[in-house]
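Heads up: the structure comes next, in structure tokens.
What follows draws every value from the coordinates through simple rules; no lab data is involved. Note that the coordinates shown come from a computational prediction; the quantities given were computed from them, not determined experimentally. With ideal geometry, Cβ positions are generated from the backbone for all residues, glycine too; neighbour counts draw on all protein chains shown.
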Amino acid sequence: MAEQNVLVFLPVLPSGELVGSAAGLLGAAAQLGTPVGVLVAGAGQGQAAAQAAGELGAAKVYLTENDDAPTTLTAPALEAVAAAWEATDPEAVLVPNDIDGRDIAARLAVRTSSAVAADAVGVHRDAEGVVAEHSVYGSAFTTESAPTHGALIITLREGAVEARAEAAQPEVITLDAAQPKSAAAVITGFAENVEASSRPDLRSAKIVVSGGRGLGSKEGFGLAEQLADALGAGLGASRAAVDAGYAPYSLQVGQTGVSVAPDLYIALGISGAVQHQAGMQTAKTIVAINKDPEAPIFDIADFGIVGDAFEVVPQLIETIKAKAQ
Amino acid sequence: MKIVVLVKEVPDSYGERKLNLTTGLADREASEKVLDEITGRAVEAAVSYAESADEVEIALLSMGPESAESTLRKTLAMGGDSAHHVVDEALLGADLTLTAQVLAAAVQKIGFDLVIAGDASSDGAGGLLPAMVAEQLGVAHATSLDSLQISAEAVTGERAGYGGTVSVQAQLPAVVSVTERLPDPRFPGFKGIMQAKKKPLETYSLADLGVDASADVPRSIMLSVSQTPARTAGEKITDEGDAGKRLAEYLIEKKVV
Ligand SMILES: Cc1cc2nc3c(=O)[nH]c(=O)nc-3n(C[C@H](O)[C@H](O)[C@H](O)COP(=O)(O)OP(=O)(O)OC[C@H]3O[C@@H](n4cnc5c(N)ncnc54)[C@H](O)[C@@H]3O)c2cc1C
């Protein structure tokens, strides 16, 4: 039997680069069959983005280039994926489990009357076909799901799949932008994030340093930033820290924020409420620094320090910097 | 204008939450049921708009077991004019596709200009349902909004996009979902609780909605469920002036830095 096609929606940033989740999506697709990328890029950005997708494992790329910035929500990407679906008869579709990815998966599932697997943390194949793996209730349970028949549409949790596909020289097929087939909202404005730092993305970072309400102020939260930069880590925050305005919502780790699974997670001044644990307890190694010896974060920490983060962290940074020289 | 708010009852995330290891379904006995936190914000958005505009009617809709009725009553105490409960044995273990079909059929039956939902509930966190309902209804969606303004003709708001923040606008009819960035829900007062008792609460079966749960369409099924071993505490030290050094040694020894 020929290898089955697996469609992968690969978002392109305004800069023309692929989003960080692309490598994991293509890595997961390669575990199931032949990865076929679907890209919607700005004018002149398409070929480079398609090559980048090839380096990450896309054997084929369906490419749509738009002359102008998109003016309708979801529709351009949805129609591109739907057209690629028609052309390839895929066995599975993988999209990132982010806002745009979920909208595409949702509409495509209804339109094609297909089963969906939401927030998968892994995929594999059994004798019957494609299986999605899920981590439920803040990873207290693991489940597997599959479609009764037909293709499976999967939203993949960012950073969850470590497998990477072999680089390929992609065949690039250009699609014309299609007219939306569903009513769509219009995009009336776009404000590009001004990222001051070059920190790795929280979702895919190997090390994550998160700060909580215990850091006491926006200035105090700078301690987490300093440690993150010293370790080359991604930066995260608890909800209480976000609510207090120390960090933007995009950095919130937990049940209603981002789920991360890094090699190392360092929690500074975070009590470890269940809703926070839900987003970080699958980290390989957890380190917690907290003044309160009873804080629940210590129940799941591999290395816990009862102490003041403002005393422990500067010494930690100094020691690591000294060792590095 | 008629607003339908999708209301979800979930197991309390502060308590222990369990899956039945044989059926893979939520163990309903294991935890307290509460109104999903973000759902509360969706209700608040509808109720506060109704207070500021004329002739706004709010219907609260939930699909769920018998127990969802008391959650609907509690939610009615925050505001809203009527509650609608889809309850049917055949919905036990319903997948997302079936759930979306059922909710869309109920929304049609109730009539709507705007549907408001939470963007992701604390138990399933699929985050797909609102856009699925929009596709079923053939209307626009504006999901995961961090801010929301409603007018008689349209909704506007902002949401996170790739590399920035996107401002969106949808003409009504439309489906929107909101994030926890929206204002906290109000506490229902005594007056609200008394009024809620008199508000209409209608129940629907699948037959009432003309939906066949056993139709031969692709469904998502659960193949296996297992409990993940709980994480255990490792080494714990109290800082005596050298904890930063000791942590550095630990991290270097583990080769994580
Ligand atoms: C439905 C729902 C969803 C939620 N979703 C999330 C979510 O996604 N993410 C999330 O994080 N929370 C979430 N929460 C909130 C969660 O319950 C907690 O309120 C929150 O995680 C607490 O944040 P915190 O640990 O920073 O603050 P706190 O609980 O206030 O803890 C601060 C800690 O800092 C310690 N401390 C103080 N000073 C210092 C110092 N100098 N050095 C070291 N330690 C110090 C204190 O001992 C304390 O343990 C959710 C809640 C609900 C109900």
Could you sort out which of A:206/B:236; A:284/B:8; A:291/A:323 sit more than 25 Å apart by Cα distance in this structure? A:284/B:8; A:291/A:323
Can you bin chain B into rounded, prolate or oblate? Criterion: square roots of the alpha carbon gyration tensor eigenvalues sorted a ≥ b ≥ c, rounded for a/c under 1.5, prolate for a/b above b/c, oblate for the rest. prolate
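Quick check on the range A:214-253: take the gyration tensor over C-alpha atoms, sort the square-rooted eigenvalues as a ≥ b ≥ c, and tell me if it's rounded (a/c under 1.5), prolate or oblate. Intermediate results must be reported in sequence, preceding the final value.
Values: a/c = 2.54, a/b = 1.38, b/c = 1.84.
Taking the square roots of the gyration eigenvalues as a ≥ b ≥ c, the range A:214-253 is oblate.
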Mean-square fluctuation maximum in Gaussian network of chain A, Cα pairs under 10 Å, restricted to A:257, A:216, A:101, hits A:216
Taking beta carbons within 10 Å but only from partner chains, what does the mean come to for residues B:225-233? 6
From the C-alpha coordinates alone, can you work out the Kirkwood hydrodynamic radius of the range B:26-76, in Å? 12.5
Expressed in angstrom and rounded, the centroid-to-centroid distance over alpha carbons for the range A:1-58 and the range B:4-68 is 37
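For the range B:171-235, what does the alpha-carbon gyration tensor say about shape, rounded, prolate or oblate, given a ≥ b ≥ c as the root eigenvalues, a/c under 1.5 as rounded, and a/b over b/c as prolate? Could the numbers behind the result be given before it?
Details: a/c = 1.94, a/b = 1.15, b/c = 1.68.
Oblate, since a/c reaches 1.5 and b/c is not below a/b.
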Each residue of A:174-185 has, on average, a number of other protein chain C-beta atoms within 10 Å of its C-beta equal to 4
Note down the nm distance, to one decimal, between modelled labels 7 Å out along Cα→Cβ at residue A:167 and at residue A:128. 4.0
Farthest towards the positive end of the dipole of the range A:208-325, among A:287, A:220, A:249 and with Cβ unit charges of +1 on Lys and Arg and -1 on Asp and Glu, lies the Cα of A:249
Isotropic mean projected area of the C-alpha convex hull, the range A:27-87 (nm²): 4.4
Could you work out the Kirkwood radius for the range A:1-104, taking every pair of different alpha carbons, averaging 1/r and inverting it, reported in Å? 13.4
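Count, for each residue of A:309-316, the Cβ atoms from other chains sitting within 10 Å of its Cβ, then give me the mean as a whole number.
On the way: counts 2, 0, 4, 8, 3, 1, 9, 8.
Rounded to a whole number, the mean comes out at 4.
For B:110, B:237, which order do you get if you count the other beta carbons within 10 Å of each Cβ and list the fewest first?
On the way: B:110 18, B:237 15.
Ordered from fewest to most neighbouring Cβ atoms within 10 Å, B:110, B:237 come out as B:237, B:110.
What fraction of the DSSP beta bridges in chain A is antiparallel, stated in percent and rounded to the nearest 5?
The antiparallel fraction comes to roughly 20 percent.
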Please give the calculated 222 nm ellipticity per residue for the protein assembly as shown, where each DSSP H segment of at least 4 residues contributes -39500 (n - 2.57) and the sum is spread over every residue; nearest 500 deg cm²/dmol? -8500 deg cm²/dmol
Among B:214, A:4, A:305, the residue whose Cα sits farthest towards the positive end of the charge dipole of the protein assembly as shown, when +1 is placed on the Cβ of each Lys and Arg and -1 on the Cβ of each Asp and Glu, is A:305
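For the range A:1-102, state which GluC sites (Glu not before Pro) are in a DSSP loop and have at most 13 other beta carbons lying within 10 Å of their beta carbon. Walk me through the numbers before you get to the answer.
On the way: sites: A:3, A:17, A:55, A:65, A:79, A:86, A:91; in loops: A:3, A:17, A:91.
Sparse-neighbourhood loop GluC sites (Glu not before Pro): A:3.
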Burial order of peptide ranges B:36-46, A:102-112, B:217-227 (average beta-carbon count within 10 Å, highest first): A:102-112, B:36-46, B:217-227
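In the range B:20-172, how does Rg compare with the Kirkwood Rh, expressed as the Rg/Rh ratio over alpha carbon atoms? Kindly include the intermediate steps, with their values, before the conclusion.
Details: Rg = 16.0 Å, Rh = 16.7 Å.
Looking at the range B:20-172, the ratio lands at 0.96.
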Quick P(r) readout (the range A:207-324; Cα-Cα; 10 Å bins; whole %) gives 16, 53, 29, 2
For the range A:246-325 and the range B:115-161, compute the distance between their C-alpha centroids and round to whole Å. 33
Nearest 20 debye, what's the magnitude of the dipole of the range A:5-174 about its Cα centre given +1 on Lys and Arg Cβ and -1 on Asp and Glu Cβ? 160
Against the longest principal axis of chain B, how steep is helix B:243-253, in degrees 0 to 90 to the nearest 10, with axes from Cα atoms? 90
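How would you rank A:78, B:35, going from fewest to most other Cβ atoms within 10 Å of each one's own Cβ?
Working: A:78 28, B:35 21.
With the sparsest Cβ surroundings first, the list reads B:35, A:78.
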Tell me, Kirkwood radius of the protein assembly as shown from alpha-carbon pair distances, in Å? 24.7
Longest principal axis of chain A (C-alpha) makes with the long axis of helix A:46-55 (C-alpha) an angle, in degrees to the nearest 10, of 70
Largest first and to the nearest Å, give the Cα extent of chain A along each principal axis. 60, 44, 42
Dmax and Rg, reported as Rg then Dmax, of the range B:95-213 (C-alpha, Å): 16.0, 49
Percent relative contact order of the range B:2-209, based on C-alpha pairs within less than 8 angstrom and at least six residues apart? 26
Ordered by fewest other Cβ atoms within 10 Å, a rough proxy for footprinting exposure, A:263, A:302, B:184 read B:184, A:263, A:302
Among B:158, B:202, B:16, which one shows the biggest mean-square fluctuation in a GNM of chain B, springs joining Cα atoms closer than 10 Å? B:16
Under a no-solvent Debye model with one identical scatterer per Cα of the range A:131-260, what's log10 I(q)/I(0) at q = 0.10, 0.12, 0.14 Å⁻¹? -0.55, -0.75, -0.94
